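Participant: Mind looking over this structure? Questions follow.
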Amino acid sequence: MSERGDDMRPDGYFKITDKALREMGKKCEVLMKKEGWEDVPGTSEAPHGTTNERKESLQPLTKAGEKPKRPPPPPVYGITAPQEFEKQDFMEDSENDIIKLMWNMSRILALDPCRRFTLGFTIEDRWFRLWIFNRGTLLRAQAFDFIEDQRSLVTVLLSFALSSAENMGWDPTITFSHLDSDNRRQYNIIVNERVYKTVTALSDYSADNPLGRCSRTTVWKVQDAQGNTCVLKDLWLEHDRLEEHQIYENIIQDVENSNSATPESKAKARKVVVDRLLTPLEHCRVKVSGIADDDTNLVILRGYDVNKARTVALMSTSQPNPRNKQSFGFSSPDDQGAEFITQASQDSGLQVTQRVVHNLQETEIPNDQRYHYRIVFKEYATTIYDERNLANILKAIADVLLALRWIHSAGWVHRDISDGNLYYYKERNIGLIGDLEYAKKVDQSHRNVRAGTPHFMASEAISDAYLFFPITPQPPRAPLPTPPPFNHNALHDIESVWWVLVYTILFNEDPAGPSPNTSARQHLMNELFDGQLNNNSRLPFLRDPQFGTCLPSSFSSSLVPALQQYATHL
């Protein structure tokens, strides 16, 4: 059912009932009827696609002497509390259970946008342990002997059996709608008492890292009850981060203030920037049961202070994590130098796994408390990555650079320029900038946490240090000045745009005159865009961008000289 593949095979699991999901989805049905939607869910036998989707999971009884067939993996969308069992209680058995449980719990959060958190449990020999995994924290309870402590066992199992869908991790504000013609799941999503129906998923790059920088950031093309097409972004933000609509408003206000010499200059600056940023239509902090803002600590953990838990190593040895093309920050599990640690804290019945990052000048513990946020944008535009017309791409880049000029003059930097955050908007023949969640005011007084998409990060941002200095003669024996703390500045945004252009001409072809040397082109692509932070090829290429004979002649004659001049200016 999923583009990512439903490859879970837990030893056991609980299954949600359609009745529980219908009960949870009643608010959405009421709102859709009020808004005049024609296809309101709730009338079919299994509207949420759990029971009837996988009747083939039932296996007939086998004949005497035949080995029973292993059942197919369960549908991730209808299950909760994956379970793993081992007969022995040795470290190897325990870690084997943990590996499988973490995979299954991660897949639930990665594949199903309807989940706020998931529970699970493991049993090794007689020891039963409960786990909870949300968008910011992984917690496990102290183990108990389920043979001796039968009351705890019965309490846990009855709590699962009698719980509501919401209390088992489902999100009452996003419900399954239907399977489209490509057999992909579509959803009804509530934003400020209005319902949007998804048409297609545009992006969910961060979904595979439940504890990554944005945890799960999913972007959909959606329609409202009137048939208007727009874009909806759903994400879990760190507790101390501004909402994207606030950043948008602050940028516009600062652009006006920095160009307020005359009413005309103020209006001109505002128009240039507003015309080239995605326009927020509405936004909300997602509320659970219409009461409290959904929060990994205050709501999901019922206000439990994670700092009271004892921090323990998840595994005896840390395992390297694969990298992919996605935005990241130092709260990402992909960071080099990050490893699980054991740290004593106040004793309690819960234990939390944490990471620290050792490749910083000072050790930083990520802030894992997050809140659930949604924002709807007016424009449904094409990303630079998906745009196939080179003229449109160059027009979009020109507009982006114009907008960045005004944004930078107001003291702001974007910090996450990529080919997925820049757009060509056909309706107005203009380039747009999106994804402002990591934009911030430049502050040279203290060090900022590194952010960006590795494929497009500026050389200094990747190195987390200044690499380019003014060439000025120093008086003899003059003491070396203390370097300032590294901060992302305007030139880093501009360099990221340059890398977007380089990526575009390397990863696209001119059908009228293809590349004469595709192997050299592939080699250069692999060298420059491997997604690694320790890439040693990018800085030399920025200093001397040579493409050789690997590009189509149309690119070499027009774009390469412009890119070389661009790099020289940087």
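Participant: Can you work out ³J(HN,Hα) from phi for every residue in the range 493-504, in order, using Karplus 6.51 cos²θ - 1.76 cosθ + 1.60 and θ = phi - 60°, giving whole Hz and x for Gly and Pro?
Facilitator: In residue order, the calculated couplings are 4, 5, 5, 4, 5, 4, 5, 4, 5, 4, 4, 4 Hz.
Participant: Quick one: check the C-alpha center-to-center distance for the range 99-122 versus the range 481-497, whole angstrom.
Facilitator: With the range 99-122 and the range 481-497 each reduced to a Cα centre, they are spaced 38 Å.
Participant: Now, a different point. At 1.4 Å probe size, what's the solvent-accessible area of residue 13? Round to the nearest 10 Å².
Facilitator: 90 Å²
Participant: Longer than 30 Å from Cα to Cα, which of 233/426; 100/221; 26/233; 19/287 are they? Say none if no pair is.
Facilitator: Violating the 30 Å Cα-Cα cut-off are 100/221.
Participant: Where Lys and Arg each count +1 and Asp and Glu each count -1, what net charge lies around residue 272 among other residues with Cβ under 14 Å from its Cβ?
Facilitator: Value of the local net charge: +2.
Participant: Follow-up. Round to a whole number: what % of the accessible area of the range 122-263 belongs to carbon and sulfur, probe 1.4 Å? Don't jump to the answer; show the numbers that get you there.
Facilitator: Numbers: 2800 of 5820 Å².
Ligands and nucleic acids excluded, carbon and sulfur reach 48 percent.
Participant: Then there's this: Can you give the net charge of the other residues whose Cβ lies under 13 Å from the Cβ of residue 382, counting K and R as +1 and D and E as -1?
Facilitator: On the way: positive: 221, 388, 395, 426, 428; negative: 379, 386, 387, 419, 427.
With Lys, Arg at +1 and Asp, Glu at -1, the net is 0.
Participant: Please list 3J(HN,Hα) in residue order for the range 296-307, calculated via the Karplus relation 6.51 cos²θ - 1.76 cosθ + 1.60 where θ = phi - 60°; whole Hz, with x for glycine and proline.
Facilitator: Residue by residue, the range 296-307 yields 5, 9, 5, 9, 5, 9, 6, x, 5, 7, 4, 5 Hz.
Participant: Right, next: Based on the mean of other Cβ atoms within 10 Å per residue, sort peptides 504-512, 241-249 so the most packed one is first.
Facilitator: The peptides rank, most packed first, as 241-249, 504-512.
Participant: For the peptides 265-277, 84-96, 117-129, what is the packing order when you average, over each peptide's residues, the other Cβ atoms within 10 Å and list the highest mean first?
Facilitator: So the order, starting with the most tightly packed, is 117-129, 265-277, 84-96.
The values are calculated or read from the model by the stated rules, or taken from the named source; none is laboratory data. Being a predicted model, the structure only gives us computed values, none of them experimental. Heads up, the Cβs are rebuilt from the backbone with ideal geometry, glycines too, and the neighbour counts pull from every protein chain shown. The protein model used for the area step is the full one, side chains on, heavy atoms only, and it has no ligands, DNA or RNA in it. Shrake-Rupley method; radii C 1.70, N 1.55, O 1.52, S 1.80 Å.
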